[in-house]
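*Asks:* Before anything else, here's the structure in question.
The values are calculated or read from the model by the stated rules, or taken from the named source; none is laboratory data. Not measured: the values here are computed from a predicted model. Here Cβ is always computed from backbone atoms with ideal geometry, including for glycine, and neighbour counts include all displayed protein chains. Just the protein is used for accessible areas: all its heavy atoms, side chains included, with ligands, DNA and RNA removed. Shrake-Rupley method; radii C 1.70, N 1.55, O 1.52, S 1.80 Å.
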Amino acid sequence: MEADRFEQERLPWMVAYGLPAGWTGKARSAGEAVGARVVPVDQLNRLARTAATVCDAPFAVVNVITADEQHQIAAHGLEPGICSREDSMCAQVFRSGTTTVVPDASVDARFRGNPFVTGALGDVRFYVSVPLVAEVALGSLCVFSPYPATLEPKDQAVLESLAEHVTDVLQLQFRGRQLDAALAEAALSNERLKTFAGEISHDLRTPLTTILGHLEIAEDQTADERVAGNLRKASGAGKRMLATLEELLEYSTTSQRLEARELDLSALTDKVTADIRGLVSQSGARITSSGGSVRGDDAQLRALAQNLLVNAIRYCPADRLPRIRIEAVTEPGMSGMVVHDNGLGIPAADRARVLAPLGRLNRAGEPQGTGLGLAICARVAQAHGGTITIGDSPDGGAAITASWPVRS
């Protein structure tokens, strides 16, 4: 029962290293072992070589011991391989927590019948095994020779220090693989969430549009002003919901597959301004461009610019007309755009939050947005390999910069 619990505690480590369980009945090279490909072999080989030098022995190996096998994941003086745990000398002592030093294994009761001592698999005489213990016992740093020998206490201390270094390497590798797995799971979860959001947005848009159409017809046909007012409120709420669905769909379909090309920023600004002509006319906004060029995907940069312009117009105080400038990023090796406005700006403490999905400021007197506009901009910048940053504009409002490295 104790042995079963011990192996259960070690199982996550074995899985993380990709080490298989189950003896195949024949020796295999380390190149065929999954584990040999996932650990930093060169670094461990150097530590094994140092261990052999300290002991003045021709052979040294780093062993990881699974429930059924011993895997030599690094070695000096021989090709690393795999043997059954039953045949392993280190499997007998690696759980002891102490260094095992055997001057002559052929006369040691624990090992004299072992196939690595009898000549069936090897001819080991001098043998030293230092346990590799992280959170659990993983294996051993093993040094051996076909000739009897002794080990000085000072050399044993050096060997134990080397074993600690080996353990650090294995533990770092283990944590790295855990982190990789967690990041992969998070990325998969995000992709599933985006897909779900896109599907739901698409499925809800059609019936919501139908409802809005019937509300408009009902409002036109009623003579009761109270009923008409209620219908207008319902229609307004439905339109806000439709806008949220449209932005959610846009956010979920922003792709990392780009067709990057050189785009004229003035022409891009003119196209986007035409797309939002109604809002520009209603607000009295004046939009200017510095010219220049930006390199990226046409459709995505159009969505980026449109969201930035719409935000700048919507969140401009009622006592002033929106004035917006779009400039090309001129930093060497970078591309992108900077949008300046004359609004209230965004406080430094809130800048990270408004770039996240559903991040809103909710300031008094401002329209209630969906919280997706800047998140869409951030995704476009990320898809191009860049970022969004928010600063203060000399025009009195915010300066929002979307920039990314120019890819050859």
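*Asks:* How about region 73-89: which of its residues are buried (at least 24 other Cβ atoms within 10 Å of the Cβ) and not in a loop (DSSP other than H, G, I, E, B)?
*Replies:* Result: Ile73, Ala74, Ile82.
*Asks:* Answer yes or no as to whether Thr167 is buried (at least 16 other Cβ atoms within 10 Å of the Cβ) and either outside any helix (DSSP H, G or I) or more than 25 Å from the chain's Cα centre (by Cα) (or both). Write out each step before concluding.
*Replies:* Numbers: buried (at least 16 other Cβ atoms within 10 Å of the Cβ): yes; either outside any helix (DSSP H, G or I) or more than 25 Å from the chain's Cα centre (by Cα) (or both): yes.
Here the answer is yes, as Thr167 does meet what is asked.
*Asks:* Does Ala285 satisfy the condition of being open to solvent by less than 60 Å² (accessible area, probe 1.4 Å), over 18 Å from Thr401 (Cβ atoms) and out of contact with any Asp or Glu (no Cβ under 8 Å at 6 or more places or on another chain)?
*Replies:* Details: open to solvent by less than 60 Å² (accessible area, probe 1.4 Å): yes; over 18 Å from Thr401 (Cβ atoms): yes; out of contact with any Asp or Glu (no Cβ under 8 Å at 6 or more places or on another chain): yes.
So Ala285 passes the test.
*Asks:* Considering only residues of region 31-63 that are touching a Gly at 6+ places or on another chain (Cβ under 6 Å) and at pLDDT below 50, which is nearest to Arg177 (Cα to Cα)?
*Replies:* Val38
*Asks:* Give the residue, chosen from Val128, Val169, Val124, Val158, that is touching a Leu at 6+ places or on another chain (Cβ under 8 Å) and under 20 Å from Pro58 (Cβ atoms). Please lay out each step first, then the result.
*Replies:* Working: Val169 fails: under 20 Å from Pro58 (Cβ atoms); Val124 fails: touching a Leu at 6+ places or on another chain (Cβ under 8 Å); Val158 fails: touching a Leu at 6+ places or on another chain (Cβ under 8 Å).
Among Val128, Val169, Val124, Val158, only Val128 is touching a Leu at 6+ places or on another chain (Cβ under 8 Å) and under 20 Å from Pro58 (Cβ atoms).
*Asks:* To continue, here is another question. Just to be sure before I move on: is Asp220 modelled with pLDDT of 85 or more, assigned to a helix (DSSP H, G or I) and over 20 Å from Gly343 (Cβ atoms) in the structure I sent? Step through it out loud before you land on a result.
*Replies:* Working: modelled with pLDDT of 85 or more: no; assigned to a helix (DSSP H, G or I): yes; over 20 Å from Gly343 (Cβ atoms): yes.
So Asp220 does not fit the description; no.
*Asks:* Another question, if that's okay. Going by the conditions given, is Gly345 part of a loop (DSSP other than H, G, I, E, B) and either surrounded by 15 or more Cβ atoms within 10 Å (Cβ to Cβ) or touching a helix residue (DSSP H, G or I) at 6+ places or on another chain (Cβ under 8 Å) (or both)? Talk me through it step by step, then tell me what you get.
*Replies:* Numbers: part of a loop (DSSP other than H, G, I, E, B): yes; either surrounded by 15 or more Cβ atoms within 10 Å (Cβ to Cβ) or touching a helix residue (DSSP H, G or I) at 6+ places or on another chain (Cβ under 8 Å) (or both): yes.
Spelling it out, Gly345 is indeed part of a loop (DSSP other than H, G, I, E, B) and either surrounded by 15 or more Cβ atoms within 10 Å (Cβ to Cβ) or touching a helix residue (DSSP H, G or I) at 6+ places or on another chain (Cβ under 8 Å) (or both).
*Asks:* A follow-up question, please. Consider Ser335 against the criteria (1) part of a helix (DSSP H, G or I); (2) at pLDDT 90 or above: it satisfies all of them except one. Which criterion is unmet?
*Replies:* Result: Ser335 fails condition (1) only.
*Asks:* Can you name the residue in region 370-386 that is touching a strand residue (DSSP E or B) at 6+ places or on another chain (Cβ under 7 Å) and free of Cβ contacts under 8 Å to residues at least 60 places away in the same chain and, of all such residues, is surrounded by the fewest Cβ atoms within 10 Å (Cβ to Cβ)?
*Replies:* Here the residue is Gly385.
*Asks:* Could you please find all residues in region 107-117 being surrounded by fewer than 16 Cβ atoms within 10 Å (Cβ to Cβ) and either within 23 Å of Leu159 (Cα to Cα) or of a type in the set (S, T, N, Q) (or both)?
*Replies:* The one that is surrounded by fewer than 16 Cβ atoms within 10 Å (Cβ to Cβ) and either within 23 Å of Leu159 (Cα to Cα) or of a type in the set (S, T, N, Q) (or both): Arg110.
*Asks:* Considering only region 312-332, state which residues are buried (at least 22 other Cβ atoms within 10 Å of the Cβ) and assigned to a helix (DSSP H, G or I).
*Replies:* If the condition is that a residue be buried (at least 22 other Cβ atoms within 10 Å of the Cβ) and assigned to a helix (DSSP H, G or I), then Ala312 is the only one that fits.
*Asks:* List the residue pairs whose Cβ atoms are under 6 Å apart, where the first residue sits in region 106-130 and is under 28 Å from Val166 (Cα atoms), the second is open to solvent by less than 10 Å² (accessible area, probe 1.4 Å) and of a type in the set (Phe, Trp, Tyr), and the two are 6 or more positions apart or on different chains.
*Replies:* Every condition considered, the pairs that remain are Val117/Phe111.
*Asks:* To continue, here is another question. Quick one: in region 358-408, which of the residues that are touching a His at 6+ places or on another chain (Cβ under 9 Å) and among the charged types (D, E, K, R) is modelled with the lowest pLDDT?
*Replies:* Ranking the candidates gives Arg407 first.
*Asks:* Being over 17 Å from Ile376 (Cα atoms) and open to solvent by 30 Å² or more (accessible area, probe 1.4 Å) is the filter; apply it to region 389-408 and report the residue that is nearest to the chain's Cα centre (by Cα).
*Replies:* This residue is Pro405.
*Asks:* Further, regarding this structure: Take the residues in region 130-164 that are under 42 Å from the mean Cα position of the chain (by Cα) and of a type in the set (S, T, N, Q), then tell me which one is nearest to Ile73 (Cα to Cα).
*Replies:* Ranking the candidates gives Ser140 first.
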